[in-house]
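The structure under discussion appears below in the form of structure tokens.
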Amino acid sequence: MGKTTTAVLAIALVVMVVALAYEAAIIQRLQEENNQLGELVAQLEQQVSILQEKLETPSYPLAVVDDFNRTIAIAEEPKRIVSLAPSNTEILYAIGAGDKLIGVTRYCDYPQEVIERKNTGDLAVVGGFSDVNIELIVSLKPDLVIAFGTLQVNVVKALEGHGIPVIALNPQDIEGVLKDIELVGKAVGLYKEAKQLVANLSSRIDLVQNKVASAPKVKVYYELWYDPLMSVGPGTFIHDLITIAGGENIFHDAKTQYPIISAEEVISRNPDVIILPDSYMAEYNITVDQVKNRPGWSAINAVKNDKIYFIDEDLLVRPGPRLVDGLEQLAKIIHPELFGAS
């Protein structure tokens, strides 16, 4: 190899080394710029998060629209709240506003703290659904009352006449319940907490729906009452929950929400699962054996296969966060192969 060739190779080697060094410098610079860009993006995301949180944290005074399509003005964050339904009370406790409650109905009994506070007199009992004591509520000087349903329309008007802000809830389905949780959270200054609760509940609902999506429908008979026999039809939370849990309500074609039915209809529709509320059935000695021994019911699949269950009715009829607990229990009963033994 001649001197000229050696020199050329040396020069080429130097050029290559220089090129590699330049390329390494470029890569290093790009990495530094990328790191800086990453830090900038992180800072921007943090600022966006802070701004979003501020936007999602309502400031007072504020206005909300309730389920009666009424616009209610709330001057300051409520500190003294009266609840006129058990579901309202459960919503308030679930989002962390239980300590703001000063009055509830005689039917409010969850969580356990509600019972304890009622017993000690820390919570005033202002009546029931249709016999609300307006004078007592006014004397409590609440800065917000949360009413429920069309039965309390006159109560809402009466309290408004005393200058008390009243929000009326009247959800028609589970989606409506989730919206009401956010509505209450916004009204009482706990919107972020309410949205987090709704996100958690929605995730649990989606989990059930996804699991039963391809599962065969299971025919379900829900016995609301025994004498006369009553069940549930479309337009009820129980019907909706059975459907979401992968069941088929055998009275899905009922013309009323709570149809009076006959034993013969139950037998002919032949449910795979029978579910009864345990809250009051036990008081009337309605047991699994009693159901099995009803005339002709031995031909029903649910009886043959020992698929008769009792459930806490409050989990199925109170339009609050515990509806999702009820949904999960129904899913275990209807599809134990997917959710484990009930």
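The values are calculated or read from the model by the stated rules, or taken from the named source; none is laboratory data. Just so it is clear, the structure is predicted and the values come from calculations on it, not from any experiment. Counting neighbours? That spans all protein chains shown, and the Cβs are built from the backbone with ideal geometry, glycine included. Heads up: the accessible areas ignore ligands, DNA and RNA and are worked out on the full protein's heavy atoms, side chains in. Shrake-Rupley method; radii C 1.70, N 1.55, O 1.52, S 1.80 Å.
Data for the structure
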{"read-out": "Among the residues listed as GLN209, GLN196, GLN152, the single one being more than 24 Å from ASP253 (Cα to Cα), part of a helix (DSSP H, G or I) and open to solvent by 70 Å² or more (accessible area, probe 1.4 Å)", "value": "GLN196"}
{"read-out": "Some residue of segment 134-148 being closer than 27 Å to LEU323 by Cα and assigned to a loop (DSSP other than H, G, I, E, B)", "value": "no"}
{"read-out": "Residues located in segment 95-130, provided they are hydrophobic (A, V, I, L, M, F, W, C), assigned to a loop (DSSP other than H, G, I, E, B), at pLDDT 95 or above and closer than 22 Å to VAL177 by Cα", "value": "ILE95, ALA97, CYS108"}
{"read-out": "Subset of segment 264-295 [within 16 Å of ILE250 (Cβ to Cβ), open to solvent by 60 Å² or more (accessible area, probe 1.4 Å) and not in a helix (DSSP H, G or I)]", "value": "none"}
{"read-out": "Residue list for segment 296-342, filter: assigned to a helix (DSSP H, G or I) and either of a type in the set (Phe, Trp, Tyr) or more than 23 Å from the chain's Cα centre (by Cα) (or both)", "value": "TRP297, SER298, ALA299, ASN301, ALA302, VAL303, LYS304, GLU337, PHE339"}
{"read-out": "Scope segment 212-224; condition of a type outside the set (Ser, Thr, Tyr) and open to solvent by less than 60 Å² (accessible area, probe 1.4 Å); matching residues", "value": "VAL212, ALA215, VAL218, VAL220, GLU223, LEU224"}
